[in-house]
Structure formats: structure tokens, C-alpha cells
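Taken together, the values in this text are just the output of simple stated rules run on the coordinates, not laboratory data. This is a predicted model, so every value here is computed, not measured. Cβ atoms come from the backbone with ideal geometry, glycine included; neighbour counts cover every protein chain shown.
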């Protein structure tokens, strides 16, 4: 299963907003956007028939983002979202 280019563009824009907030250390805004993204991703992925391996990769990346946020490593969280998650979603 692949995600349509429109959905990828929307996902990329949302991730760009999160990264912008984290890079500027606007943590509250970034966290709100990240929460919205995770809710949307969970809903979207639960409705799609996705290869198990790809789903595991995405879940591992989201866990890495969660760990980075828990450790207050917001720049790492932003980089994982920007450079890893979006690639796996394509």
C-alpha cells in the first residue's frame, strides 16, 4: 500500500509545521501539532491495509520520536519526523 501524493503532501506540510515549531523551540505549539499528527496517523493507518514490516518501521519511528520528546530532545524528534518518517510513509 502506498499513500497518495496528496496525502503525502499534507503529511509533509504537517511535519514541516512541527519541525518549524521544534527548531524555534516553540515546544507547546510543536507538541500540540505532534499530538494532532499522531492521532491522524493512527486513524489513517488503522484503516489501511499496510504491509506488516512497513507498519512496524513506522511504529518504531514514532516510538523514537516519543523517546526524544520524553528526553526533551526536540531537535532529534523533528529530524526523525522530517528525514525518516516521511520517507517510510511513501
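Result for the chain in a Gaussian network model with C-alpha springs under 10 Å: among 43, 79, 12, the largest mean-square fluctuation is at 43.
Relative to the longest principal axis of the Cα atoms of the chain, helix 5-23 runs at roughly 20 degrees. Arranged from fewest to most other beta-carbon atoms within 10 Å of their beta carbon, 40, 52, 84 become 52, 40, 84.
Its relative contact order, with pairs defined as Cα atoms under 8 Å and 6+ residues apart, puts region 5-89 at 38 percent. Divide the volume of the convex hull around the Cα atoms of region 5-89 by the residue count and you get 80 Å³ per residue. Running a GNM on the chain with Cα contacts under 10 Å, which residue among 14, 47, 72 ends up with the highest mean-square fluctuation? Most flexible of the set in this elastic network: 47. Over the chain, dividing the summed -39,500 (n - 2.57) contributions of all DSSP H runs of at least 4 residues by the number of residues returns a 222 nm mean residue ellipticity of -25000 deg cm²/dmol.
The residues 31, 89, when put in order of fewest to most other Cβ atoms within 10 Å, stand as 31, 89.
Each of 65, 87 was scored by other Cβ atoms within 10 Å of its Cβ. Arranged with the fewest first, they read 87, 65.
Could you tell me how many degrees, from 0 to 90 and to the nearest 10, lie between the Cα long axis of helix 52-70 and the main elongation axis, the longest principal axis, of the Cα atoms of the chain? In the chain, helix 52-70 runs at an angle near 10 degrees to the longest axis.
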